[in-house]
Each structure stands twice: as structure tokens, then as C-alpha cells.
Amino acid sequence: DAALLDGDIRPQAPPLNEVQGLMPEADKAEIRRQALDVIRQYRDRGCTLPAAPDAVTQRRMMAFVAGIADIGDDYVGMMREEMELDGVDARQVDIDAAVLAAGNNPDFHVVIVGAGMSGILTGIRLKRAGVAFTILEKNADVGGTWYENRYPGCRVDIANHFYSYSFEPGHAWSEFFCQRRELQAYFRQVAEKHDVLRHIRFGSAVSAATFSEADHRWRVSYTQHGSEHAVTGNVLITAVGQLNRPKIPALPGRELFQGAQTHTGNWDETLALAGKHVVVVGSGASAFQLVPAIAGEVASMTVFQRTAPWIAPNPHYHEKISDGTQWCLQYLPHYQSWYRFLLFWPGSDGIYPALIIDPEWDDNGRSVNAFNQEVRNNLEAAIRAQVGDEELLAQVIPDYPPLATRLLQDNGSWFSALQRHNVELVSCGITEVTADGVTGADGKHYPCDVIVWATGFHAQEFLAPMRIENGTGSVLSERWGERPDAYLGITTPGFPNFYMLYGPNTNLAHAGSIIFNSECQSRYILSAIKQMLEQGVYRIECKPEIAAAFQDKQRETLKNMVWSLPGVNSWYKNSDGEVVATLPWLLADYWRWTRELDPNDYILS
């Protein structure tokens with residue numbers, strides 16, 4: 001009934017995580033009354049749907065739900081693809097079955113390194129396309145970061161109904177933001193469903209990959225069960241992530257500590273914390289989940305904070321999903337798709353303008369433009385509403401613009417934990433570790449039984465510790481140094497038939513879900529493989545001038561982004577202060593650029 005789109009009851013543009021359109025209770029009640037009639041009619045006619053709305057009506061529906069006048073052309077295509085209302089997975093790249101059946105490339109093989117989210121995704125895409133592949137995974141199971149990170153409180157910070165594959169959205173999540181065990185189970189279940197597990201060699205740590213100019217194949221060396229092995233492939237794809245190599249600061253005396261030490265990224269599951277005196281080093285994404293989870297069982301906890309994080313309020317964080325919501329997601333046609341849209345749209349590119357530095361703006365370093373200042377005011381007000389102690393308040397309100405670092409979200413657990421009687425926040429660094437504790441830069445000694453290093457990862461060392469070498473002896477890590485670069489974050493000149501998922505400058509710091517990015521990248525890579533097989537191409541290499549132009553444009557764009565502000569520390573930057581991790585483009589731009597490989601950008605032979 002398209003007349004509903006012109007009715008008096010209309011959603012407003014909701015902020016992220018608000019899924020009721022900011023409507024008054026009376027309007028909600030009327031909508032539920034109408035919806036119940038629609039559901040009864042659907043049931044009584046045998047659960048059959050009317051004809052699908054045309055494209056124009058769908059566009060009006062999207063704008064209506066989003067609470068705006070219209071949705072741009074790029075976003076309509078992107079969101080229709082994301083929602084799959086027609087049941088078609090438009091991101092799957094099909095390869096001519098006749099070409100595959102002809103057997104002209106009987107040995108064509110793809111090697112994927114990593115069986116985390118993006119590795120499984122690409123395996124599924126290759127499986128559907130009929131292309132042979134092998135996945136090498138260093139761990140004993142799938143899931144990547146959700147297999148490795150096992151610290152108490154570990155969970156996703158993107159809503160599950162969006163942090164999932166578009167073709168396998170899932171509805172049975174127990175929480176809106178699930179914990180790591182449930183996430184790891186999801187990825188394993190999807191891998192099982194699509195018959196990918198038998199293509200994975202678990203316990204296989206890749207050490208090197210070398211391209212042969214003689215036969216145009218990659219030779220990938222790996223260790224499994226203490227023995228050296230190798231596998232070859234026409235195409236090499238790395239899907240190793242950025243946040244999987246724990247980093248611990250080289251502080252003097254760390255080896256002298258007599259208690260227990262553990263890193264959040266390599267958690268010691270035998271560690272007993274009850275009644276212990278604990279020091280947590282760090283206040284970022286893992287610490288803000290860990291601290292509330294263990295605060296109630298430890299005798300005392302001291303949290304060392306280098307940089308206060310910006311935290312957005314989210315009442316759904318830690319919230320269980322009600323039976324009613326589960327029923328709607330499972331049984332109402334397209335409810336899940338529209339709910340996914342409502343999560344994606346506010347968390348898409350709407351906040352992008354707040355990231356751009358206005359050179360005329362002067363707010364004493366507190367914000368970078370008027371929109372950014374508005375974001376700051378809202379976040380700061382939310383923090384003040386949760387923290388009553390002025391001394392603590394001075395520590396937890398960041399002194400830098402919002403969105404310059406990863407914006408966390410919480411339902412109040414972090415600030416509640418910091419205000420417990422047994423928790424102390426110390427806003428300084430650590431100068432040394434002693435046998436029975438740590439010494440802060442404030443000169444005080446803090447005795448403890450346990451040190452937890454919530455100090456992040458070696459995020460800037462892409463693809464380490466693997467040695468990726470092309471056929472002329474060039475080693476990728478040596479060529480990159482501390483300035484990794486890749487065309488579209490996917491491929492790089494001089495390294496033919498080589499592609500990266502979650503490569504340089506593809507992390508999402510302002511919007512979306514990293515799974516969305518991986519789906520874009522996977523489709524792009526599959527389109528390259530399609531050209532190789534259907535056109536008889538044995539080698540595809542990015543043109544240097546294309547990659548250089550892209551990098552110049554990217555670096556110029558990054559200079560004007562909030563992440564590049566001097567004096568703001570984050571894992572987005574290398575030691576020179578250059579941003580090498582995050583994507584400086586609109587999601588719609590990246591989606592459009594990666595829909596298909598343009599052969600004009602490459603040397604094909």
C-alpha cells in the first residue's frame with residue numbers, strides 16, 4: 001500500500017542505533033495496529049506476498065524509512081544490492097560454465113591466506129563460481145579475530161544484523177552486539193553450510209610467497225605440524241587482517257615481574273582473576289570491554305590510560321534480543337532486510353562531513369568543523385550525564401576532536417566500572433615494570449598480581465611476518481617500508497595476480513561494516529579471476545601510473561581528514577604520522593569503484 005508513504009505518520013532521520021524513527025508513542029501504537037492487520041491478511045491468504053514494488057517505489061520506501069526526502073542514485077543501487085529484496089546475490093561473480101567445463105585451465109588454482117571473515121567469504125565466492133582454491137589458516141579453526149580474541153567481555157561493536165554477510169544475514173543472534181563465541185560460531189556455521197571447510201588447511205602458518213615468471217604461478221611456503229610444505233596457485237589472495245599480532249611496549253623490567261601477564265589479543269584462559277590486584281594498560285577498544293567484565297571479581301584494578309576514547313551512548317549494547325524481535329526477524333518477509341537497512345543507513349556516510357578539516361575553523365583543537373563540534377557537544381553531554389566526579393570527568397573527556405580515533409559505543413558499562421570503589425583510572429604512561437607491580441610516569445608505584453596489556457596490535461605492518469616476493473626479487477615489505485600502498489587497497493604494481501583483502505587504507509573508521517568492504521573487495525578480485533579464465537589471460541598486473549595517481553589522490557584526501565591531525569595518537573598512523581589504515585572515501589564511492597575490475601587499469605598478458 002504505497003499510500004502509507006504519503007501518510008501523516010512519518011519517521012524522522014534517526015541517529016545510529018535508534019530504530020524507531022524518533023516517533024512519539026501514539027504514532028508507534030498506530031503503526032503496530034496497522035501492521036497487525038497486514039500480518040493477519042498475509043497469514044489468512046496462505047502467507048503469499050503481493051507483487052514486489054517497482055524500483056521507484058522501493059526508492060521512496062528507502063527515503064521514507066530513512067526519514068529523508070530522497071536517496072541518491074549511488075546509494076539506491078548500493079542499498080538494493082545490500083538488502084537483496086529480490087533474493088538475488090548481486091555480488092556473486094559467475095564465470096562462464098562452458099569455459100570451466102572446457103578444461104583449458106585444469107590446474108587453475110587460487111591460494112587464500114587466512115580463514116577469518118574475508119577468507120571464508122572469498123572461499124564461498126570461488127566455490128560458487130566453480131574455481132579451485134585452498135585456504136591456509138594458522139589457527140585450528142575459522143573466525144580470525146573472533147577465534148583469537150578471548151578476553152572477558154569481547155564482543156562486536158557493529159550491530160550483528162549488519163555485521164554479517166549480505167547473503168547470510170542470520171536472524172538468531174542472542175544479542176544485538178554479540179560476544180566473540182557466538183560470532184566465531186556464525187562464521188564456522190556459514191563455512192560449513194557452503195562446504196568451505198574441506199578446502200582449509202588448519203594449523204598452516206605461511207612464511208613466504210614467491211611469484212615465478214617462468215610459469216606465472218605463486219609458490220606459497222607454510223609450516224604445518226612442524227613440517228615445511230608448499231602449495232602453488234595462479235592467484236594469491238591475502239586475507240590476514242590488520243589486528244592479529246599483539247603489541248606490548250618494550251618497558252624496562254617486564255621480564256622481572258613475578259605475577260601473571262597476558263595480552264587481550266592472546267588471552268590466557270587459565271588466568272584466575274578473582275581477588276587479584278590487576279593493572280590494565282590501555283583504555284581502547286579491548287580495555288573498555290574487558291574492564292567492566294572483570295571489575296566485579298578483582299580485588300582492585302588500576303587502568304592506565306594514554307588517550308581517553310570518545311564513546312557514544314548505545315542502550316542496545318549488551319542488550320538481549322527479545323522473543324518478539326526474534327519472531328519478526330524470522331517470520332516476517334523482508335523484515336530482516338529493512339532492519340538491516342535501518343542499521344546501515346545512519347551508519348553509512350552520513351557522518352562523513354564531520355571528518356573533513358575546515359581550515360577556517362578555530363575551536364582551540366576541540367573540533368575540526370561545525371558538524372564535528374556538534375558531534376563533540378552531544379558526546380560530551382552523554383559523558384557528563386554518566387560521570388558525576390569532576391576529577392574523573394576531566395580524565396575521561398577527550399581533549400581532541402571526535403572521530404580522530406575509533407569511536408566506541410557503550411550502554412554505560414565503561415563509566416560505571418571506572419566509578420567503582422575498587423577501580424582507579426590513571427592518566428599517564430608506565431615507565432617501568434618491577435617484580436611486584438608497575439611504576440607510573442607520575443612517579444608512583446602500583447603493586448599488582450596481574451598485568452593485562454590492552455595495548456593493541458602491530459597494525460601498520462601489513463602482511464607481516466610473511467615475505468611476499470615477486471618474480472624479479474622485489475620484496476613487498478621492503479618496498480613498502482612504513483608507507484604501504486595498494487590500488488583500491490587491493491593490489492599493487494610489480495606483483496601480478498596478487499590481491500589483498502583488508503589491505504592498506506581499507507579499514508572503516510567512520511561508517512559501515514568491514515564485512516561490506518570485504519564483499520566489495522572480494523567481488524573485485526573475482527572479476528579479475530573471471531577475466532583470466534574467460535579471456536585466456538595468465539597474468540594481471542596493476543599499471544604503475546594508475547596506482548601512483550590513486551595514491552596521490554588518497555594522500556591528498558587524507559591530509560584533510562580528522563585522523564591526520566598532529567598530536568592525536570592512533571593505530572591508523574605509521575611512525576611518521578601518516579594514516580595508512582583507514583579508508584578516506586565514501587562507502588558509495590568505494591562500492592562503485594570496486595564493482596568490476598577495469599582492464600584499462602591493468603597490464604593483461
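The values are calculated or read from the model by the stated rules, or taken from the named source; none is laboratory data. As the structure is a prediction and not an experimental result, all values here were calculated from the model. Here Cβ is always computed from backbone atoms with ideal geometry, including for glycine, and neighbour counts include all displayed protein chains. Note: accessible area is taken over every heavy atom of the protein model, side chains too, but ligands, DNA and RNA are not part of it. Shrake-Rupley method; radii C 1.70, N 1.55, O 1.52, S 1.80 Å.
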Selection within the stretch 97-118 - assigned to a loop (DSSP other than H, G, I, E, B), touching a Gly at 6+ places or on another chain (Cβ under 8 Å) and either among the hydrophobic types (A, V, I, L, M, F, W, C) or open to solvent by 60 Å² or more (accessible area, probe 1.4 Å) (or both) | Asn104, Ala115
Qualifying residues in the stretch 427-454 (those that are in contact with a helix residue (DSSP H, G or I) (Cβ under 9 Å, 6 or more places away or on another chain) and in a loop (DSSP other than H, G, I, E, B)) - the one surrounded by the most Cβ atoms within 10 Å (Cβ to Cβ) | Ala454
Answer yes if at least one residue in the stretch 36-57 is touching a residue at least 40 places away in the same chain (Cβ under 8 Å), under 33 Å from the mean Cα position of the chain (by Cα) and open to solvent by 70 Å² or more (accessible area, probe 1.4 Å), and no otherwise.
-> no
Filter the stretch 532-555 for residues that are more than 20 Å from Met500 (Cβ to Cβ), in contact with a helix residue (DSSP H, G or I) (Cβ under 8 Å, 6 or more places away or on another chain) and not aliphatic (A, V, I, L, M); the one that is surrounded by the most Cβ atoms within 10 Å (Cβ to Cβ) is Tyr538
Do any residues in the stretch 468-488 that are closer than 23 Å to Ala205 by Cβ have Cβ atoms under 6 Å from those of residues that are among the hydrophobic types (A, V, I, L, M, F, W, C) and assigned to a helix (DSSP H, G or I), where the two are at least six apart or on different chains, and which pairs are they?
-> Ile468/Leu476
Here are Leu121, Leu126: which of them is closer than 30 Å to Thr472 by Cβ and either part of a loop (DSSP other than H, G, I, E, B) or touching a strand residue (DSSP E or B) at 6+ places or on another chain (Cβ under 8 Å) (or both)?
-> Leu126
Just for helices (runs of 4 or more DSSP H) wholly inside the stretch 505-605: which have at least 2 residues that are touching a residue at least 24 places away in the same chain (Cβ under 8 Å) and in contact with a Lys or Arg (Cβ under 7 Å, 6 or more places away or on another chain)?
-> 514-534
Of Arg198, Arg219, the only residue that is open to solvent by 50 Å² or more (accessible area, probe 1.4 Å), in a strand (DSSP E or B) and out of contact with any helix residue (DSSP H, G or I) (no Cβ under 8 Å at 6 or more places or on another chain) is Arg219
For the stretch 1-96, list the helices (runs of 4 or more DSSP H) that sit wholly inside it and hold at least 3 residues that are out of contact with any helix residue (DSSP H, G or I) (no Cβ under 7 Å at 6 or more places or on another chain) and farther than 30 Å from Val375 by Cα; which are they?
-> 25-44
Which strands (runs of 3 or more DSSP E) sit wholly inside the stretch 248-360 and have at least 1 residues that are out of contact with any helix residue (DSSP H, G or I) (no Cβ under 6 Å at 6 or more places or on another chain), of a type in the set (Val, Ile, Thr) and without any contact (Cβ under 8 Å) to a residue 12 or more places away in the chain?
-> none
When you go through (1) open to solvent by less than 10 Å² (accessible area, probe 1.4 Å); (2) within 22 Å of Ser564 (Cβ to Cβ); (3) in a helix (DSSP H, G or I) one by one for Pro398, which number turns out not to apply?
-> (3)
